[in-house]
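Structure first, then comments.
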Amino acid sequence: MARASIEILDEGAGQIFSKITPNEFREHMREKVRNAWRDKRMDIKTAIKQFVHDGDYLTMGGVSFVRLSMAAVHEIIRQKKRNLNLAAGTRTYDFNLLLDAGCVKNIDCGYITGMEVFGIPYITRKRVEMMITSGEVGISEYDNASMAWRHKAAAMGIPFLPIRNMMGADAFKHSAAKKIRCPFTGEQLVLVPAIYADVCIIHVHRCDIYGNSQIEGALNEDLGKSKSAKKLIITTEKIIDTEEIRLSPDRTLIPCFYVDAVVKIPYGAHPNNMPGMYYVDIDHMNEYMAASRDPSGKAFEEYYEKYIFGVDNFDEYLETIGGKKRLEHLEDLEHLRVRE
Amino acid sequence: MARASIEILDEGAGQIFSKITPNEFREHMREKVRNAWRDKRMDIKTAIKQFVHDGDYLTMGGVSFVRLSMAAVHEIIRQKKRNLNLAAGTRTYDFNLLLDAGCVKNIDCGYITGMEVFGIPYITRKRVEMMITSGEVGISEYDNASMAWRHKAAAMGIPFLPIRNMMGADAFKHSAAKKIRCPFTGEQLVLVPAIYADVCIIHVHRCDIYGNSQIEGALNEDLGKSKSAKKLIITTEKIIDTEEIRLSPDRTLIPCFYVDAVVKIPYGAHPNNMPGMYYVDIDHMNEYMAASRDPSGKAFEEYYEKYIFGVDNFDEYLETIGGKKRLEHLEDLEHLRVRE
Amino acid sequence: MEKKDYNIFELMAVVAAREIEDGAFIYIGTGIPMLATSLAQNMHAPNIVPVFEAGGIAPQMPTLPLSVGCSRTTYRAIRTCDMPEIFEMAQLGVAHYAFLGGAQIDKYGNLNATVKGKYNAPEVRWPGSGGANAFGSLCWRTMIIMNHEKRRFVEKVDFITTPGYIDGPGARERAGLPPGTGPYRVFTDKALLDFEDKTKKMRLIGLLPGVTVEDVVESTGFELLIKDDLINVPPPTEEELRILREKVDPYRIVLSRGDQ
Amino acid sequence: MEKKDYNIFELMAVVAAREIEDGAFIYIGTGIPMLATSLAQNMHAPNIVPVFEAGGIAPQMPTLPLSVGCSRTTYRAIRTCDMPEIFEMAQLGVAHYAFLGGAQIDKYGNLNATVKGKYNAPEVRWPGSGGANAFGSLCWRTMIIMNHEKRRFVEKVDFITTPGYIDGPGARERAGLPPGTGPYRVFTDKALLDFEDKTKKMRLIGLLPGVTVEDVVESTGFELLIKDDLINVPPPTEEELRILREKVDPYRIVLSRGDQ
């Protein structure tokens, strides 16, 4: 037999923040799957308390201003979880809140702090710059594609995926990727390591009590993330009967055996968009961005006090942002019944 | 920078039957995609003539007795295509017909000749054994998973996928796979090469004139195959309006820009099952299996003469197998309105 | 209950069903595995997850399927997906059991479904692995169902389609397969067998009703380990037979194939 | 037509739209790329395939989206999918164009969206790549849209987030990126630029209405190649403006941001 080898042409110096191996994950899933048909309903306080721990590697569903599990983020902040490792392919508002609250230790970075068209919150950016300089936060650099593929690799049960970008980019040097020559084609390839997470939180349109979940609109990295976390918390707009799930099995994107908790939270993505249900609360986003521009940090503190620390749960939060009337307006916006 | 390497622990001696590289495929797709919105309707004779050539690497959709594109198979046989290279993860009746007709040169084998519960057609098995012994057919050995992953690798635009089976199996020796030690985990892994095909044929439930396709039931390897062939022929039970496609975009499994031909052929999977439409024609399968048991080969010849060579097109074939009445019975069976 | 009250398919389905615990994730093929799984689900294991190779997850089968991809395998399922996703579940460690068959098996549980005789000049060429290699390599426990015949239970299989314990303890791990996996039970028309923990060799642990140790030994082409406290497998109970016949396969689509 | 008849966003959208040929597969971000693509689709390129990073393929946007994943990007799409599938299309060679922006660009079209100053002690930390690195690495042609300022058009970017031609001809291929790809056009508020074929250096090929070569050179922090037969980019036609304003962005969601 041949004793050839594959040359490793280059290696990044970035850290791997999740230490979970495929074999360790296999052992975990072996036991977890036995609970496929357990009624998993609980409240968000219990879910976060039970499944999110200091030092965990955390992945979150949704993308940019869409389908972020805000109730879970608020609760993580109120429960003062610390030293979280975060996967950050296109994180925006949810990530920023965790960062501002001091929950974050390390970041696998695809896109952080940015609020797309709204800009970058000044205070958050300054905080990140200071944390990088002081070494308080660790960052490994990737991009949205390589991050998406890292989650996908884990969901496939393999330790890495070969990809064709990241070459010639400086992010490579600050990543844990390796560049090789393909043993089949002779072309250069980058290998990115899989991310097995401790816990993942995804907000969905509807699911049953076991966690069989349906999602509308763009799926971002959620298929990969849902399968690659030891614990999966589903927050949902609505709980439906399993009989309804069985009517269109092609629409179940997350089967129940991956799920650990089902938490019903209507409007749980506010102020973000829930496709087909409610639109981005642009006024609220502007209020947040404005608060972030006060260099003293006072306005920002007030924002957090008002919307997170000053309330006990997401229902109270929803009252604070304008309650039923405001939410109905966001529904009208989503369905194009009124103009933005 | 480190100049480490990844040890290749073992390599199979099997051939790679598709020579298409990722870069060659990229160049091809660059031009093909420009035709996304062309009206691609044509008849099956034209589609097979235009897109299937002697020596091509061919992939086919569906699985076991489900959603096989039989009209296309009949036409390939009537047009006497030769020296085809076939991907054979769980092929049954469609593959057997091509083999019996002398169309096949090389096989990437996951599962061949078997008809599951119906057994193995005697004549076909004998022919394969002779062809192997004489070297008339080339076989590389895989399994349904590694074959499915080879198609998936191609669809992802990468030259291989790492997998965790095939180790300790004799198929490995007769494959083109390589065993390595993972540079991230230290575990052993098998790398299987991607399959980029010349042409792929998939039978679907419905599509529009551009080829945006919907499929019900199990998807087998069709997502991967549809994206990894230079030419893609869609045969369809029904052509629907693009407006209908846009009503449920989550149900479009093959977007139009991968598609080269749209051929409308109602009952085009007979005698196989079309989920939600018509069931397996068990009587026909039994007739086929019975014919295959005549060691003289005469009964088998008669079978082929009656159903393929003796008819000009699939409509005529459908008359031969019992026409409307028979097909309605298969619909009743599928919908459990009558018993098998 | 008299022996004549059930056929061999009914018996084997019952024996296999008893080994399935509640909450298990199981890949099932057509035939006896389907009977066994469905019986277990209706008896003591309501919370299992039955999965089919081509993409059907936890369907409510209206009648028994003819193949691993036909519409019965996705009928009122909780999800339909593609084949890579199904196999990735096994790779991810989600899958507890797979039921496999084969044309040959050896004392280490290696299965041959590819070729009898020489690879390049086959005496018989069988279909090949299908899903078996991946399921047997990646699932936690492999359940094997075979007819107990000397020509099938051989000293060494001609071709390892699906590795069992290969050539003994630690061989799977040395070959690189995920640790902790391997053949778990063999169900035949004569016996119930497992693999002795130290040697990883096949071991007789139970006799089906009316079968003797000598019958089994004579039908086995290699030296079989025999457990000291051999079980006399109890025949199907009335309840097991009732559920098999009334709920699982009322039209006897599969059961009838066990009538002799 | 008088200059005052259109704003800078309208102008840049028009200039970019003219470069999009029919049948193109295009990744679009929010803002000007969306205006340009939608304008092209309504003018001369009805058969394009607009695609959004988070999973929306060829939607019929009812209003302009706020982000690359919001519900407007999947409204009446031909398919919704996940992000890996979107990026795999680029990897597979399906994608003709991507529109990218950045905080810094250099003469080889390398883009920086990560950090100004030292990596470990940033003067400014920007969000990072997002989808840009993959799109710029894997799509056939990268279209870049930026404000033309000296501090943005720099000799060498502080950090290569998305490689352009890196450090000259052949460098992309030597680094291992798919051959035949790279930056194609740069659209600014002053000029239209490409990359000269032999040197792969950025080159001025057209001036926007009212802009002089000196204006452009002064706004560029590196030595700019200047094409001999420089185009005076024609201002938006009445038809282009009408479609932009009436069909593409009737509520001026994006267009209003170009009002000065």
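The values are calculated or read from the model by the stated rules, or taken from the named source; none is laboratory data. Keep in mind the model is a prediction, meaning the values are calculated, not measured. Reconstructed Cβ throughout: ideal geometry from the backbone, glycine too, with neighbour counts over all protein chains shown.
Quick notes on this structure:
- The range A:2-23 - residue that is touching a Lys or Arg at 6+ places or on another chain (Cβ under 9 Å) and within 14 Å of chain C (Cβ to nearest Cβ) and, of those, nearest to residue C:138 (Cα to Cα): A:22
- Taken over the range C:59-77, the criterion of being buried (at least 24 other Cβ atoms within 10 Å of the Cβ) and either aromatic (Phe, Trp, Tyr) or at the interface with another protein chain (Cβ under 7 Å from one of its Cβ atoms) (or both) is satisfied by C:66, C:67, C:68, C:69, C:70, C:71, C:73, C:74, C:77.
- Restricting attention to the range C:173-187 and to residues that are in contact with a Lys or Arg (Cβ under 9 Å, 6 or more places away or on another chain) and under 30 Å from residue C:219 (Cα atoms), the residue that is farthest from the other protein chains (Cβ to nearest Cβ) turns out to be C:185.
- Number of residues in the range B:249-279 that are crowded, with 24+ Cβ neighbours inside 10 Å and assigned to a helix (DSSP H, G or I): the value is 4.
- Scan the range D:130-165 for residues that are away from every other protein chain (no Cβ under 13 Å) and not in a strand (DSSP E or B) and the total you get is 8.
- Residue within the range B:139-152 that is closer than 19 Å to residue C:162 by Cα and part of a loop (DSSP other than H, G, I, E, B) present: yes
- Output for the range C:60-100, where each listed residue is aliphatic (A, V, I, L, M) and not in a loop (DSSP other than H, G, I, E, B): C:83, C:86, C:89, C:90, C:98, C:100
- Of the set (1) among the polar types (S, T, N, Q); (2) under 29 Å from residue A:87 (Cα atoms); (3) touching a Pro at 6+ places or on another chain (Cβ under 8 Å), all apply to residue D:199 but (2).
- Filter result for the condition that a residue is modelled with pLDDT of 95 or more, assigned to a helix (DSSP H, G or I), over 19 Å from residue B:36 (Cβ atoms) and aliphatic (A, V, I, L, M), over D:35, D:11: D:11
- Test result for residue C:137, hydroxyl-bearing (Ser, Thr, Tyr), surrounded by 24 or more Cβ atoms within 10 Å (Cβ to Cβ) and closer than 18 Å to residue C:89 by Cα: yes
- Candidates D:160, D:86, D:166, D:144 - the one that is hydrophobic (A, V, I, L, M, F, W, C) and at positive phi: D:166
- Each residue in the range A:128-155 was checked for being of a type in the set (D, E, K, R) and buried (at least 22 other Cβ atoms within 10 Å of the Cβ), and 4 pass.
- For the range B:196-248, the set of residues classified as part of a loop (DSSP other than H, G, I, E, B), among the hydrophobic types (A, V, I, L, M, F, W, C) and away from chain C (no Cβ under 13 Å) consists of B:209, B:240, listed by residue number.
- Once the range A:24-38 is narrowed to residues that are among the basic types (Lys, Arg) and more than 7 Å from every other protein chain (Cβ to nearest Cβ), the residue that is nearest to the chain's Cα centre (by Cα) is A:32.
- All conditions in (1) in contact with a helix residue (DSSP H, G or I) (Cβ under 8 Å, 6 or more places away or on another chain); (2) surrounded by 24 or more Cβ atoms within 10 Å (Cβ to Cβ); (3) closer than 30 Å to residue A:138 by Cβ; (4) among the acidic types (Asp, Glu) hold for residue A:208, with the sole exception of (3).
- Residue A:107 being part of a loop (DSSP other than H, G, I, E, B), β-branched (Val, Ile, Thr), within 11 Å of chain D (Cβ to nearest Cβ) and in contact with a strand residue (DSSP E or B) (Cβ under 7 Å, 6 or more places away or on another chain): no
Results for (1) β-branched (Val, Ile, Thr); (2) within 24 Å of residue B:331 (Cα to Cα); (3) out of contact with any Leu (no Cβ under 8 Å at 6 or more places or on another chain), shown as yes or no for each residue.
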{"residue": "C:23", "(1), (2), (3)": "no, no, yes"}
{"residue": "C:27", "(1), (2), (3)": "no, no, yes"}
{"residue": "C:32", "(1), (2), (3)": "yes, no, yes"}
{"residue": "C:44", "(1), (2), (3)": "no, no, yes"}
{"residue": "C:52", "(1), (2), (3)": "no, yes, yes"}
{"residue": "C:66", "(1), (2), (3)": "no, yes, yes"}
{"residue": "C:69", "(1), (2), (3)": "no, yes, yes"}
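- Strands (runs of 3 or more DSSP E) wholly inside the range C:166-260 that include at least 1 residues being touching a residue at least 40 places away in the same chain (Cβ under 8 Å): C:183-188, C:191-195, C:202-207
- With a requirement of 3 or more residues that are closer than 30 Å to residue A:184 by Cβ, the helices (runs of 4 or more DSSP H) lying completely within the range B:19-103 that satisfy it span B:22-32, B:93-100.
- Members of the range C:89-147 found to be farther than 29 Å from residue B:137 by Cα and out of contact with any strand residue (DSSP E or B) (no Cβ under 8 Å at 6 or more places or on another chain), listed by number: C:92, C:93, C:138
- For the range D:242-260, a residue qualifies if it is of a type in the set (D, E, K, R) and surrounded by fewer than 20 Cβ atoms within 10 Å (Cβ to Cβ), and the qualifying residues are D:242, D:245, D:246, D:247, D:252, D:257, D:259.
- Scanning the range A:158-178 for residues that are facing chain D (nearest Cβ under 7 Å), small (Gly, Ala, Ser) and outside any helix (DSSP H, G or I) turns up A:168, A:169.
- Breaking point among (1) within 28 Å of residue A:282 (Cα to Cα); (2) surrounded by fewer than 23 Cβ atoms within 10 Å (Cβ to Cβ); (3) of a type in the set (Val, Ile, Thr), for residue A:107: (2)
- Within the range C:116-157, considering residues that are out of contact with any Asp or Glu (no Cβ under 7 Å at 6 or more places or on another chain) and acidic (Asp, Glu), the one farthest from residue C:26 (Cα to Cα): C:123
- Looking only at the range C:1-58, residues that are buried (at least 24 other Cβ atoms within 10 Å of the Cβ) and among the aromatic types (Phe, Trp, Tyr) come to 3 in all.
- Checking the range D:97-120 against the condition returns no match, with no residue being within 10 Å of chain B (Cβ to nearest Cβ) and within 24 Å of residue D:13 (Cβ to Cβ).
- Matching option when the condition is surrounded by 15 or more Cβ atoms within 10 Å (Cβ to Cβ) and over 22 Å from residue B:202 (Cβ atoms), among B:287, B:319: B:287
- Which numbered condition residue B:118 misses (of (1) modelled with pLDDT of 95 or more; (2) surrounded by fewer than 21 Cβ atoms within 10 Å (Cβ to Cβ); (3) within 9 Å of chain C (Cβ to nearest Cβ)): (1)
- In this entry, residue A:294 is excluded by the filter for residues that are within 14 Å of chain D (Cβ to nearest Cβ), among the acidic types (Asp, Glu) and not in a strand (DSSP E or B).
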